[in-house]
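In what follows, a structure is listed as structure tokens, so that the remarks can point back to it.
Readers should treat all values here as calculations from the given coordinates under stated rules, not as data from a laboratory. If you're wondering where the values come from, they're calculated on a predicted model, not measured in any experiment. Here the Cβ is made from the backbone with ideal geometry for all residues, glycine too, and neighbour counts use every protein chain on show.
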Amino acid sequence: MKNDSRPARFLWLLRPPVTIDRRTERVFLLIGSAVFFAGYDMNIFFLAAPQIQASFHIPENQIALTTAYFRLAAVFAMLIAASADLVGRRRLLLITIFGQAVFTLATAFTGSYETFVGAQFLTRVFGYAEEMLCFVVIVEEVTARARGWANGTLTSMDFTGAGVASLVFAAVTVLPGGWRALYVIGAVPLFLVAFLRRRLPETARFAAQKHGIKGKSKFAETMAMLRDMMRQYPGRLAAIFVAVSAWGFAISAATLLASKVLQSDYHYQPWQTTALFVPGGLLGLALAIAAGRLSDKVGRKPMALAIVTLCGVCFYLFYGGAPAWAMPVLWTLAFFGFFSGDVLVAGFALEIVPTRYRATVSGLRYLVEISMGALALMLEGHLYDRFHAHGPAIQWLLATIPITLVAILFLPEPAGKTLEEMSGG
């Protein structure tokens, strides 16, 4: 990809608050397209859980546990993502997008519960690593005055992908193969994105710092990196890991079982679920972009505190037996809070450490968040047995939201500052 410094056009709707060049625009589109299709793929199980449950005869108290198995993939995804601090962002992104495409397609042809879990596990190994690295690239490529906009826009692309998944899901009862067709439809565009991504350049920041340490062995680099990271930023790392631990524990079951509860408890048909998700998703998309832009002006911390609180309150009410008329509003605000809150919380891990550690910290953040979410999902099954309903079980899990809020207060404010100003590298 040529280094084109001409102003970006962004005729595709989402204009940044400041002028950026066409090279950054092309990087953004190559990264964003993958985030869009990941939003589609990663939400299929969330939408079609009742249909998949029926195909493989999954007991009710093992639905959340099944998702917990998927989330263990974060351990391997973190290792892949962290290696990008040694071999580069571009090389790993070429691998992750192709791996995600292959195993998404394989999921459609699984014949048993065990093979389904295995295929989805591998899909998420590459998908989780892909997500970690996409945000690393965007943070390193986009100017300081537009990083909030960039993160919010990527969130909206994820949101849009989930909305497209819900549109296709509306036809799940008539598609050949039912839920399996959803995975085939999601896999094909990923192969196209993998082909186009050959034009993705290495980030300028990684290329510059890699040149400076050329000649060291990979093992020596890894050991030095981990040692220096913990020595230089103990307070920042402790705060971000506490924040994401509590956030992942609180929110995982709430997000993954929403469609299941709508269909099981409120007797929504697939098309009715889509009728709720699409308008709500469009509104959430607009709110996510606005929140990203606003975080560039008022700061990441105030926005994160407000949005995480909104998310927790709305999910608590959603699972508290709210009347049917309130469900669309609660769903829209809760999922806007989840998508935007997750990006804001994760963004601290990207903006407050140097380039040398960025992919590693991003991977560790994701691993901690996903692992705590897996723990919560396993606990949800036990709470379901006690309460005989998903709603009160999930409300108990939401109790760790205040821990996230307190931890955010101890993080530095990165809005409007260059990555070098925040971390010195």
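What to note about this one:
- The length gained by stretching the chain between Ile95 and Ser112 to full extension, at 0.36 nm per residue less their Cα-Cα distance, is 3.4 nm.
- Chymotrypsin sites (Phe, Trp or Tyr not before Pro) restricted to DSSP loop in segment 34-126 with at most 10 other C-beta within 10 Å: none
- Less than 5 angstrom separates the built amide H of Asp21 from those of Ala8, all sequence-distant by 5 or more or on a different chain.
- For the chain, lysine pairs with C-alpha atoms less than 24 angstrom apart, excluding pairs fewer than eight positions apart on the same chain, total 5.
- A Förster radius of 51 Å combined with the Cβ-Cβ distance from Asp265 to Phe410 puts the calculated FRET efficiency at roughly 0.85.
- Residue-wise HN-Hα couplings along segment 138-146, as the Karplus relation 6.51 cos²θ - 1.76 cosθ + 1.60 with θ = phi - 60° gives them from phi, are 5, 4, 6, 9, 8, 4, 4, 6, 10 Hz; Gly and Pro carry x.
- Within segment 242-330, chymotrypsin sites (Phe, Trp or Tyr not before Pro) in DSSP loop having at most 15 other beta-carbon neighbours inside 10 Å: Tyr266
- Distance (nanometres) between label positions extended 7 Å along Cα→Cβ at Thr309 and Arg227: 4.4
- Rounded FRET efficiency, nearest 0.05, which uses the C-beta distance separating Leu29 from Ala389 and R0 of 60 Å: 0.85
- Using R0 = 22 Å, the C-beta based FRET efficiency linking Arg198 and Leu79 works out to 0.35.
- Principal-axis analysis of the Cα atoms of the chain puts helix 179-196 at an angle of about 10° to the longest axis.
- Working note: 222 nm ellipticity from helices only, DSSP H runs with n ≥ 4, each -39,500 (n - 2.57), summed and divided by the residues of the chain, gives -25500 deg cm²/dmol to the nearest 500.
- Peptides 165-174, 142-151 ranked from most to least packed by the mean count of surrounding Cβ atoms within 10 Å: 142-151, 165-174.
- Semi-axis lengths (Å, descending) of the ellipsoid that matches the C-alpha gyration tensor of segment 89-155: 31, 12, 7
- For segment 316-366, the list of trypsin sites (Lys or Arg not before Pro) that fall in a loop by DSSP and count at most 12 other C-beta atoms within 10 angstrom is empty.
- Global geometry of segment 321-413, whether rounded, prolate or oblate, following the gyration tensor of its Cα atoms and the 1.5 cut on a/c: prolate
- Taking 0.36 nm per residue of separation and subtracting the current Cα-Cα distance, fully stretching the chain between Val184 and Ala290 would add 34.9 nm.
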